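The values are calculated or read from the model by the stated rules, or taken from the named source; none is laboratory data. Keep in mind the model is a prediction, meaning the values are calculated, not measured. Heads up, the Cβs are rebuilt from the backbone with ideal geometry, glycines too, and the neighbour counts pull from every protein chain shown.
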Amino acid sequence: MKFTPGRVRPLPRLPGRALQQKARAALKQGEVIAYSTESCYGLGCNPLDARAIRKILAIKVRPNHKGLIVIAADVSQIRHLIRPLTAAQYAELARYWPGPYTFLLPASRRVPPALRGKHDKIAVRVTAHGEAAALCRTLGTALVSTSANRAGQQSLKTARACREAFSRRVLTLPGRIGKRRKPSTIIDLETGRVLR
């Protein structure tokens, strides 16, 4: 079944070409980037790079059993991260994506334990934030997406705050966060249960 994406609100401010190339190189080298999302700045990396994921967990001082969210520009960027879905399940996702809805989907064997934590499912979202979607498209990959902060502290909202907090541990990209003030809703696709 072909997945038809909804409207993505355009926010055309993308980092310059040199910075995009630097971000692409950083991901290939297992580094962490900070980028704007719907409600705050996020920390991200290649979702299949277990070493980079562990760096994010260390930066955040976050327990490794919780798992992390992955965002994408479209469903094609997450297909390799999930087990096959039915046409009806894709149709259900199409009702919500792109948008502020994160779904728990069955994780493929390729997903590192550091990404899914103690779960057999992975949390994924097709983002409606124009800059984040454009970044995923430009970099050619889905991205790990977790709030840029230490566990239990306020999420950072600007590139400047990220640069001050993380210094050279993270490549911070310029951007503008969206207007959403709450984190995304999390839904288990299989059970329909709303977890957040």
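Cβ separations smaller than 9 Å between residues 6+ apart or across chains give the following pairs from the range 16-36 residues that are within 19 Å of residue 50 (Cβ to Cβ) and surrounded by fewer than 16 Cβ atoms within 10 Å (Cβ to Cβ) to residues that are modelled with pLDDT of 95 or more and of a type in the set (Lys, Arg): 30/51; 30/55. Restricting the range 116-132 to residues that are charged (D, E, K, R) and in contact (Cβ under 8 Å) with a residue 60 or more places away in the chain, the residue that is nearest to residue 50 (Cα to Cα) is 121. Among the residues of the range 144-163, those identified as out of contact with any Cys (no Cβ under 6 Å at 6 or more places or on another chain), surrounded by 21 or more Cβ atoms within 10 Å (Cβ to Cβ) and under 20 Å from residue 50 (Cβ atoms) are 145, 146. For residue 59, indicate whether it is assigned to a helix (DSSP H, G or I), crowded, with 19+ Cβ neighbours inside 10 Å, among the hydrophobic types (A, V, I, L, M, F, W, C) and touching a Pro at 6+ places or on another chain (Cβ under 8 Å). No: the conditions fail for residue 59.
Restricting to the range 64-98, what's the tally of residues that are of a type in the set (Gly, Ala, Ser), more than 16 Å from residue 142 (Cβ to Cβ) and surrounded by 14 or more Cβ atoms within 10 Å (Cβ to Cβ)? Adding up the residues that qualify gives 1. Being more than 20 Å from residue 128 (Cβ to Cβ), at pLDDT 95 or above and among the charged types (D, E, K, R) is not true of residue 74. Of all residues in the range 62-79, those satisfying the criterion of being within 15 Å of the chain's Cα centre (by Cα), in a loop (DSSP other than H, G, I, E, B) and in contact (Cβ under 8 Å) with a residue 60 or more places away in the chain are 68, 73, 74, 78. Restricted to the range 115-134, and to residues there that are among the aliphatic types (A, V, I, L, M) and touching a Leu at 6+ places or on another chain (Cβ under 7 Å), the residue that is modelled with the lowest pLDDT is 134.
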